[in-house]
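I have placed the structure first, in the form of structure tokens, so that the comments after it can refer back to it.
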Amino acid sequence: MGSVTLRTNFGRTTDGPNNANTNACKADCSKQACGDGFVGPGEGCDDGNQSNADACTNVCKPATCGDGFVQAGEQCDLGLLNSNSGLCTLACKNAVCGDGFTQPGEQCDDANMNNNDACTNTCKNAACGDGFVQPGEQCDDGNASNTDGCTNACKPATCGDGFVQPGIGETCDDANNIPNDGCNPGCGTSCKAVNGLNWCYNPTACGQPCDAVCAHFGLTPLADKNAWFLAQDTEPEC
């Protein structure tokens with residue numbers, strides 16, 4: 001014979017011998033409810049409180065990453081909005097550069113702090129001018145200046161690159177090493193110090209023509225051809 005449920009004006013029920021704190025009708029004949037401290041039908045837990053910040057939420061479900069509540073061990077929890085490409089990852093961690101996921105504001109994220117690969121530790125794509133020497137670059141001074149020791153192509157400044165770099169002693173640079181074109185092959189630096197004088201090298205810098213050539217580079221001209229020849233110990237003579 002089936003059990004008979006009796007209702008009273010006090011909101012209590014009875015299911016006879018089936019009354020139990022883990023059933024729909026508890027031992028004291030009250031209805032099972034989330035928050036009563038007993039795990040009843042349909043509940044995963046019941047800790048008797050309404051806190052969502054502990055192991056059991058106020059809907060009597062075990063706390064989990066993705067439930068929308070920030071519990072112990074979690075940095076964030078946006079519920080269904082959790083995403084590895086958003087502000088809160090699927091592991092309930094705040095999105096940060098270096099977590100291996102490319103989030104808003106990041107160009108890349110390779111999960112390391114190495115600045116010498118394709119992705120810097122600021123989660124920006126490696127590029128000439130970022131201040132880090134990556135594969136294919138010979139130098140990187142973090143600026144776009146072509147008049148210092150490293151050009152904006154991340155190549156060391158050299159005579160013949162077309163940029164005048166005073167820091168390496170250049171006074172001209174016409175992007176070639178052709179003599180007699182206004183800039184000598186050494187970019188103004190192919191000079192010899194002989195007997196206290198600076199000598200300019202140029203095939204036409206002998207005798208009187210040397211005056212104009214040397215003056216152009218701010219050097220000291222010497223009109224004596226014999227003295228000039230004696231100074232040409234490595235460069236071709238005029």
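The values are calculated or read from the model by the stated rules, or taken from the named source; none is laboratory data. Only a predicted model underlies this, so the values are computations on that prediction, with no experimental measurement involved. No Cβ is skipped: glycine too gets one built from the backbone with ideal geometry, and neighbour counts run over all protein chains shown. We work out accessible area using only protein heavy atoms, side chains counted, and drop any ligands, DNA or RNA first. Shrake-Rupley method; radii C 1.70, N 1.55, O 1.52, S 1.80 Å.
Pairs linking a residue in the stretch 168-184 that is within 24 Å of CYS150 (Cβ to Cβ) and assigned to a loop (DSSP other than H, G, I, E, B) to a residue that is of a type in the set (Asp, Glu) and modelled with pLDDT of 75 or more, with Cβ atoms under 8 Å and 6 or more positions apart or on different chains, are ASP173/ASP161; ALA175/ASP161; CYS183/ASP173; CYS183/ASP174.
Looking across the stretch 124-161 at every residue that is among the small types (Gly, Ala, Ser) and modelled with pLDDT of 90 or more, the one that is nearest to GLY105 (Cα to Cα) is identified as ALA126.
Any chance the stretch 66-76 includes a residue that's farther than 30 Å from CYS25 by Cα, modelled with pLDDT under 90 and among the small types (Gly, Ala, Ser)? Within the stretch 66-76, one or more residues are farther than 30 Å from CYS25 by Cα, modelled with pLDDT under 90 and among the small types (Gly, Ala, Ser).
Yes/no matrix, rows are residues, columns are (1) surrounded by fewer than 14 Cβ atoms within 10 Å (Cβ to Cβ); (2) within 30 Å of ALA153 (Cα to Cα); (3) touching a Cys at 6+ places or on another chain (Cβ under 6 Å); (4) not charged (D, E, K, R):
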{"site": "GLY73", "(1), (2), (3), (4)": "yes, no, no, yes"}
{"site": "LEU81", "(1), (2), (3), (4)": "yes, no, no, yes"}
{"site": "SER85", "(1), (2), (3), (4)": "yes, no, no, yes"}
{"site": "LEU90", "(1), (2), (3), (4)": "yes, no, no, yes"}
{"site": "GLN103", "(1), (2), (3), (4)": "no, yes, no, yes"}
{"site": "ASN115", "(1), (2), (3), (4)": "no, yes, no, yes"}
{"site": "CYS123", "(1), (2), (3), (4)": "no, yes, yes, yes"}
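Among the residues of the stretch 31-49, some residue qualifies, meaning at least one is hydrophobic (A, V, I, L, M, F, W, C), touching a Pro at 6+ places or on another chain (Cβ under 8 Å) and open to solvent by less than 50 Å² (accessible area, probe 1.4 Å).
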